1. Pop out the Kirkwood hydrodynamic radius of segment 122-202 from its pairwise C-alpha distances, inverse of mean 1/r, in Å to one decimal.
2. What area, in nm² and to one decimal, does the C-alpha convex hull of segment 156-238 cast on average over all directions?
3. Which value, in debye to the nearest 20, describes the size of the charge dipole of the chain about its Cα centre when Lys and Arg Cβ atoms bear +1, Asp and Glu Cβ atoms bear -1, and nothing else is charged?
4. How do Tyr198, Tyr100 stack up against each other in accessible area, from largest to smallest, with a 1.4 angstrom probe?
5. ³J(HN,Hα) across segment 81-90 via Karplus (A = 6.51, B = -1.76, C = 1.60, θ = phi - 60°), whole Hz, x for Gly/Pro?
6. Starting with the highest mean, order 40-47, 67-74, 122-129 by the number of other Cβ atoms within 10 Å, averaged over the residues of each peptide.
7. Tell me the angle of helix 170-182 to the major Cα principal axis of the chain, expressed in degrees between 0 and 90 and rounded to the nearest ten.
8. Give the angle, between 0 and 90 degrees and rounded to the nearest 10, that separates the Cα long axis of helix 142-167 from the longest principal axis of the Cα atoms of the chain.
Amino acid sequence: MTLTGVLHSEWIKIRSVRSIYGSLTAVLAVTLAVTVLALDTVGREQAERAGAEPVFDAFYALNFGQIAAVAFGATAISSEFLDGALRISLAAVPRRSLFYAAKMTAVGGAALVVGLLTSFPVFLVGQLFLGEYAIGLGHPGALRAAFGGGIYLALMALFAAGLTALLRSAVAVLSLLIPLLLIVPFVFVGIAAAAVDYLPDRAGQLVLHQNPEGPLGPWSGLAVTAAWAAAALLAGWWAVHRRDA
(Lines give C-alpha, C1' and ligand atoms only; values in the text may rest on other atoms or scores of the structure.)
Protein backbone atom coordinates (compact mmCIF):
# COMPACT_ATOMS: atom_id res chain seq x y z
CA MET A 1 0.00 0.00 0.00
CA THR A 2 1.05 3.60 -0.58
CA LEU A 3 1.41 6.16 2.20
CA THR A 4 -1.74 7.91 0.99
CA GLY A 5 -3.74 4.69 1.18
CA VAL A 6 -2.48 3.87 4.67
CA LEU A 7 -3.19 7.42 5.82
CA HIS A 8 -6.75 7.11 4.55
CA SER A 9 -7.26 3.86 6.45
CA GLU A 10 -5.84 5.37 9.64
CA TRP A 11 -8.17 8.35 9.36
CA ILE A 12 -11.09 5.94 9.00
CA LYS A 13 -10.00 4.30 12.27
CA ILE A 14 -9.98 7.67 14.03
CA ARG A 15 -13.44 8.53 12.75
CA SER A 16 -15.01 5.15 13.42
CA VAL A 17 -13.73 4.33 16.93
CA ARG A 18 -15.95 6.23 19.34
CA SER A 19 -13.43 6.58 22.16
CA ILE A 20 -10.79 8.00 19.82
CA TYR A 21 -13.12 10.40 18.04
CA GLY A 22 -14.67 11.44 21.34
CA SER A 23 -11.31 12.35 22.87
CA LEU A 24 -10.45 14.36 19.76
CA THR A 25 -13.66 16.39 19.84
CA ALA A 26 -13.22 16.83 23.59
CA VAL A 27 -10.15 18.99 22.90
CA LEU A 28 -12.40 21.73 21.52
CA ALA A 29 -15.39 21.08 23.78
CA VAL A 30 -13.45 21.07 27.06
CA THR A 31 -11.28 24.06 26.19
CA LEU A 32 -14.22 26.14 25.03
CA ALA A 33 -16.35 25.23 28.05
CA VAL A 34 -13.61 26.10 30.54
CA THR A 35 -12.91 29.37 28.71
CA VAL A 36 -16.54 30.47 28.89
CA LEU A 37 -16.86 29.45 32.53
CA ALA A 38 -13.61 31.04 33.67
CA LEU A 39 -13.78 34.32 31.77
CA ASP A 40 -17.47 34.81 32.41
CA THR A 41 -16.99 34.49 36.18
CA VAL A 42 -13.55 35.91 36.99
CA GLY A 43 -12.22 37.17 33.66
CA ARG A 44 -12.62 40.87 34.39
CA GLU A 45 -11.22 40.51 37.89
CA GLN A 46 -8.12 38.85 36.49
CA ALA A 47 -7.75 41.55 33.85
CA GLU A 48 -7.81 44.25 36.55
CA ARG A 49 -5.11 42.73 38.73
CA ALA A 50 -1.58 44.07 38.73
CA GLY A 51 0.72 42.23 36.35
CA ALA A 52 -2.13 40.67 34.38
CA GLU A 53 -1.18 38.81 31.19
CA PRO A 54 -4.14 39.24 28.84
CA VAL A 55 -2.70 36.95 26.15
CA PHE A 56 -1.83 34.07 28.48
CA ASP A 57 -5.08 34.44 30.40
CA ALA A 58 -7.01 34.15 27.13
CA PHE A 59 -5.53 30.68 26.60
CA TYR A 60 -5.76 29.50 30.21
CA ALA A 61 -8.21 26.74 29.26
CA LEU A 62 -5.58 25.03 27.10
CA ASN A 63 -4.32 23.57 30.37
CA PHE A 64 -7.46 21.43 30.30
CA GLY A 65 -7.55 20.97 26.54
CA GLN A 66 -4.07 19.46 26.63
CA ILE A 67 -5.39 16.63 28.83
CA ALA A 68 -7.94 15.81 26.13
CA ALA A 69 -5.16 16.02 23.49
CA VAL A 70 -3.01 13.61 25.50
CA ALA A 71 -5.98 11.27 25.89
CA PHE A 72 -6.57 11.38 22.13
CA GLY A 73 -2.96 10.54 21.33
CA ALA A 74 -2.93 7.69 23.84
CA THR A 75 -6.27 6.11 22.87
CA ALA A 76 -5.56 6.41 19.13
CA ILE A 77 -2.48 4.20 19.55
CA SER A 78 -3.58 1.93 22.38
CA SER A 79 -6.49 0.67 20.27
CA GLU A 80 -3.90 -1.17 18.15
CA PHE A 81 -2.85 -3.26 21.15
CA LEU A 82 -6.36 -4.50 21.99
CA ASP A 83 -7.65 -7.89 20.85
CA GLY A 84 -4.85 -8.46 18.35
CA ALA A 85 -5.65 -5.37 16.28
CA LEU A 86 -1.96 -4.72 15.63
CA ARG A 87 -1.53 -8.11 13.97
CA ILE A 88 -4.40 -7.32 11.62
CA SER A 89 -2.96 -3.88 10.84
CA LEU A 90 0.47 -5.31 10.11
CA ALA A 91 -1.02 -8.04 7.97
CA ALA A 92 -2.56 -5.28 5.83
CA VAL A 93 0.59 -3.10 5.98
CA PRO A 94 3.61 -5.41 6.51
CA ARG A 95 6.07 -2.51 6.35
CA ARG A 96 6.10 -1.50 10.00
CA SER A 97 7.84 1.82 9.44
CA LEU A 98 5.24 2.80 6.84
CA PHE A 99 2.41 1.77 9.16
CA TYR A 100 3.94 3.70 12.07
CA ALA A 101 4.61 6.82 10.01
CA ALA A 102 1.06 6.83 8.65
CA LYS A 103 -0.42 6.23 12.10
CA MET A 104 1.47 9.10 13.68
CA THR A 105 0.86 11.41 10.72
CA ALA A 106 -2.87 10.79 11.01
CA VAL A 107 -2.81 11.40 14.75
CA GLY A 108 -0.64 14.50 14.49
CA GLY A 109 -2.53 15.93 11.53
CA ALA A 110 -5.91 15.46 13.19
CA ALA A 111 -4.63 16.95 16.44
CA LEU A 112 -3.12 19.94 14.62
CA VAL A 113 -6.34 20.73 12.76
CA VAL A 114 -8.44 20.42 15.90
CA GLY A 115 -5.81 22.33 17.89
CA LEU A 116 -5.96 25.30 15.54
CA LEU A 117 -9.76 25.07 15.41
CA THR A 118 -9.64 25.23 19.20
CA SER A 119 -7.14 27.98 19.93
CA PHE A 120 -8.57 30.61 17.58
CA PRO A 121 -12.26 30.25 18.58
CA VAL A 122 -11.33 29.98 22.25
CA PHE A 123 -9.46 33.25 22.06
CA LEU A 124 -12.21 35.07 20.15
CA VAL A 125 -15.08 33.71 22.25
CA GLY A 126 -13.27 34.44 25.50
CA GLN A 127 -12.84 38.10 24.64
CA LEU A 128 -16.61 38.50 24.41
CA PHE A 129 -16.79 38.27 28.21
CA LEU A 130 -14.10 40.86 29.00
CA GLY A 131 -15.77 44.08 27.94
CA GLU A 132 -13.34 46.98 27.95
CA TYR A 133 -10.49 44.59 28.79
CA ALA A 134 -10.91 42.58 25.59
CA ILE A 135 -8.01 42.35 23.15
CA GLY A 136 -7.87 41.31 19.51
CA LEU A 137 -5.60 39.14 17.42
CA GLY A 138 -3.66 42.29 16.62
CA HIS A 139 -2.55 42.60 20.24
CA PRO A 140 1.20 41.87 20.61
CA GLY A 141 1.73 38.14 20.89
CA ALA A 142 -1.94 37.17 20.42
CA LEU A 143 -1.73 35.83 16.86
CA ARG A 144 1.49 33.97 17.66
CA ALA A 145 -0.17 32.43 20.72
CA ALA A 146 -3.21 31.33 18.72
CA PHE A 147 -1.07 29.53 16.14
CA GLY A 148 1.35 28.25 18.76
CA GLY A 149 -1.46 26.96 20.95
CA GLY A 150 -2.73 24.74 18.15
CA ILE A 151 0.76 23.43 17.45
CA TYR A 152 1.31 22.83 21.17
CA LEU A 153 -1.82 20.67 21.44
CA ALA A 154 -0.71 18.60 18.44
CA LEU A 155 2.76 18.08 19.93
CA MET A 156 1.30 16.92 23.23
CA ALA A 157 -0.93 14.44 21.38
CA LEU A 158 2.12 13.10 19.52
CA PHE A 159 4.12 12.93 22.74
CA ALA A 160 1.41 10.75 24.27
CA ALA A 161 1.09 8.68 21.09
CA GLY A 162 4.80 7.89 21.00
CA LEU A 163 4.84 6.88 24.66
CA THR A 164 1.79 4.67 24.12
CA ALA A 165 3.51 2.88 21.25
CA LEU A 166 6.41 2.26 23.63
CA LEU A 167 4.38 1.20 26.68
CA ARG A 168 1.42 -0.35 24.81
CA SER A 169 -1.06 1.02 27.33
CA ALA A 170 -3.11 4.22 27.36
CA VAL A 171 -3.71 3.76 31.09
CA ALA A 172 0.03 3.65 31.79
CA VAL A 173 0.67 6.74 29.67
CA LEU A 174 -2.17 8.75 31.21
CA SER A 175 -1.05 7.69 34.69
CA LEU A 176 2.40 9.02 33.82
CA LEU A 177 1.53 12.20 31.95
CA ILE A 178 -1.37 13.60 33.95
CA PRO A 179 0.72 13.91 37.14
CA LEU A 180 3.59 15.25 35.03
CA LEU A 181 1.34 17.99 33.65
CA LEU A 182 -0.71 18.81 36.75
CA ILE A 183 1.46 18.06 39.77
CA VAL A 184 5.19 17.72 39.08
CA PRO A 185 5.86 21.33 37.93
CA PHE A 186 4.32 22.77 41.10
CA VAL A 187 6.14 20.33 43.38
CA PHE A 188 9.59 20.90 41.89
CA VAL A 189 9.36 24.57 40.89
CA GLY A 190 11.04 25.64 44.13
CA ILE A 191 13.60 22.84 44.08
CA ALA A 192 14.71 22.58 40.47
CA ALA A 193 13.18 25.57 38.72
CA ALA A 194 15.67 25.43 35.86
CA ALA A 195 14.74 21.82 35.06
CA VAL A 196 11.01 22.58 35.31
CA ASP A 197 11.41 25.18 32.56
CA TYR A 198 12.33 22.35 30.17
CA LEU A 199 9.38 20.08 30.90
CA PRO A 200 7.24 19.58 27.78
CA ASP A 201 4.22 21.53 29.02
CA ARG A 202 6.07 24.40 30.69
CA ALA A 203 8.36 24.92 27.70
CA GLY A 204 5.60 24.65 25.11
CA GLN A 205 3.27 27.03 26.89
CA LEU A 206 5.80 29.85 26.65
CA VAL A 207 4.37 30.49 23.18
CA LEU A 208 1.16 31.58 24.93
CA HIS A 209 2.88 34.41 26.81
CA GLN A 210 3.18 37.88 25.37
CA ASN A 211 6.65 38.35 26.89
CA PRO A 212 7.89 35.03 28.29
CA GLU A 213 10.57 35.11 30.96
CA GLY A 214 13.41 32.68 31.46
CA PRO A 215 16.05 31.05 29.27
CA LEU A 216 13.61 30.03 26.53
CA GLY A 217 11.63 32.17 24.13
CA PRO A 218 8.17 31.38 22.73
CA TRP A 219 9.35 29.41 19.70
CA SER A 220 12.41 27.85 21.35
CA GLY A 221 10.13 26.65 24.14
CA LEU A 222 7.84 25.08 21.57
CA ALA A 223 10.92 23.50 20.00
CA VAL A 224 11.72 21.87 23.35
CA THR A 225 8.23 20.34 23.41
CA ALA A 226 8.80 19.18 19.83
CA ALA A 227 12.03 17.51 20.95
CA TRP A 228 10.16 15.65 23.71
CA ALA A 229 7.57 14.53 21.16
CA ALA A 230 10.27 13.46 18.68
CA ALA A 231 12.06 11.42 21.35
CA ALA A 232 8.80 9.68 22.30
CA LEU A 233 7.97 8.99 18.65
CA LEU A 234 11.42 7.53 18.05
CA ALA A 235 11.10 5.28 21.09
CA GLY A 236 7.66 4.20 19.93
CA TRP A 237 8.99 3.43 16.44
CA TRP A 238 11.73 1.28 17.95
CA ALA A 239 9.17 -0.65 20.00
CA VAL A 240 6.84 -1.26 17.05
CA HIS A 241 9.73 -2.18 14.79
CA ARG A 242 11.44 -4.60 17.21
CA ARG A 243 8.71 -6.19 19.31
CA ASP A 244 6.36 -8.97 18.32
CA ALA A 245 2.85 -7.90 17.39
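The values are calculated or read from the model by the stated rules, or taken from the named source; none is laboratory data. This structure is a prediction, so every number in the text was calculated from the model and none was measured. Here Cβ is always computed from backbone atoms with ideal geometry, including for glycine, and neighbour counts include all displayed protein chains. These accessible areas exclude ligands, DNA and RNA; they are computed on the full protein's heavy atoms, side chains included. Shrake-Rupley method; radii C 1.70, N 1.55, O 1.52, S 1.80 Å.
1. Kirkwood radius, segment 122-202: 15.2 Å.
2. 5.4
3. For the chain, the charge dipole is close to 1060 debye.
4. Largest accessible area first, the residues go Tyr198, Tyr100.
5. In residue order, the calculated couplings are 9, 9, 6, x, 4, 5, 4, 5, 4, 6 Hz.
6. 67-74, 122-129, 40-47
7. Long axis of 170-182 versus the principal axis of the chain: about 20 degrees.
8. With both axes taken from Cα atoms, the answer is about 30 degrees.
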